[in-house]
2 protein chains.
Amino acid sequence: MQESLDNLCDRLRNAGLRPTRQRLSLAELLFGSGDRHVSAEDLHKEALAARVKVSLATVYNTLNQFREAGLLREVAIEGDRTYFDTNTSNHCHFYVEGEGRLIDFPSEGIAVTGLPATPAGTALAGIDVIVRLRPKGV
Amino acid sequence: MQESLDNLCDRLRNAGLRPTRQRLSLAELLFGSGDRHVSAEDLHKEALAARVKVSLATVYNTLNQFREAGLLREVAIEGDRTYFDTNTSNHCHFYVEGEGRLIDFPSEGIAVTGLPATPAGTALAGIDVIVRLRPKGV
DNA sequence: ATTTGTGCAAATCGTTTGCATCTGA
DNA sequence: TCAGATGCAAACGATTTGCACAAAT
């Protein structure tokens, strides 16, 4: 699902964000190669490795702006770091306890049944399924 | 599901934790009245309100010890605070985006189907379902 | 008596913010 | 030109930790 720079430009513009050098570079890293989930620090390291000059603060700001714009979603995982996911639709993660490791898995075929109605005054925004795993033999 | 002090004492002992005044009081608050989920600060305030003398640091330490002992579970929710749940079995939460509000709901009747096999070297520890909600009309 | 827990304050760490400088439209 | 972005460093808030004191076995 490779995206052209022009495409990314439009996506940013549609989100009301100026397509600056930094934002485009980060968007390219994020959306250039399939679904991914990253922490701010991950992305910052990646950007530096790709010779993109960005400060960590800008990475944080950009991730938050992308999230507000609906381009990213925060992953519901406990732990000290915040992870962002480029897949904004409902989906699922394996979470390896003790290691803090997070593994995507495709949500096709997953169904959750028997859910109660949403409380008054709220609308369904999405459903996350976290499959917690324990390393074997520990 | 009221528990006696003796019961709590035994639970702590079985977990390898000395039943100290503070731990017993916190355990009483946590397990004394059905399933609940609290943050460290919540519990600290509650303890103070109940005239239990504990420091916030001890509340943190105690919650972590309880978690390690399997008496509590950390709730998989994004956000700045960590929540602990006295219900250590699989279950579900409503999470109201924007408000950070967390609502338990009973997991009876909930089923998740179509899950892939667990990755090699890991065993299933549990499944969390987070139903994300958006305040209506926002 | 010895080992383990507690309180306090200082240290940590991820994340956010204020402000001066730069850049895209 | 000029609103909006960026970088840096300082600020922040939740959580952890080091150490002297207190309590449990």
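The values are calculated or read from the model by the stated rules, or taken from the named source; none is laboratory data. On a predicted model such as this, the values are computed, not experimentally measured, just so you know. When we count neighbours, we look across all protein chains shown, and the Cβ atoms used for this are built from the backbone with ideal geometry, even at glycine.
Residue count for the range A:14-35 satisfying the condition of being near DNA strand D (Cβ under 10 Å from one of its atoms) and closer than 14 Å to A:GLY70 by Cα: 3.
Of a type outside the set (Lys, Arg) and on the phi > 0 side of the Ramachandran plot - does that describe any residue in the range B:11-21?
yes
Residue pairs whose Cβ atoms lie under 7 Å apart, sitting 6 or more positions apart in sequence or on different chains, and linking a residue in the range B:23-52 that is away from chain A (no Cβ under 14 Å) and free of Cβ contacts under 8 Å to residues at least 12 places away in the same chain to a partner that is of a type in the set (Val, Ile, Thr) and within 13 Å of DNA strand C (Cβ to nearest atom), do not occur here.
When residues in the range B:55-86 are screened for being over 28 Å from B:ARG132 (Cα atoms) and buried (at least 22 other Cβ atoms within 10 Å of the Cβ), 2 of them pass. Picking from residues in the range A:31-45 that are modelled with pLDDT of 95 or more and buried (at least 18 other Cβ atoms within 10 Å of the Cβ), the one that is nearest to A:ARG73 (Cα to Cα) is A:ALA40. Taking the range A:7-41 as the range and being near DNA strand C (Cβ under 9 Å from one of its atoms) and within 14 Å of the chain's Cα centre (by Cα) as the test, the residues that pass are A:SER39, A:ALA40, A:GLU41. Looking at this structure, is A:LEU115 within 11 Å of chain B (Cβ to nearest Cβ), surrounded by 14 or more Cβ atoms within 10 Å (Cβ to Cβ) and of a type outside the set (Asp, Glu)? In short, yes. Just wondering, is there one or more residues in the range B:122-134 that are more than 7 Å from chain A (Cβ to nearest Cβ) and over 12 Å from the mean Cα position of the chain (by Cα)? No, there is no match, as no residue in the range B:122-134 is more than 7 Å from chain A (Cβ to nearest Cβ) and over 12 Å from the mean Cα position of the chain (by Cα).
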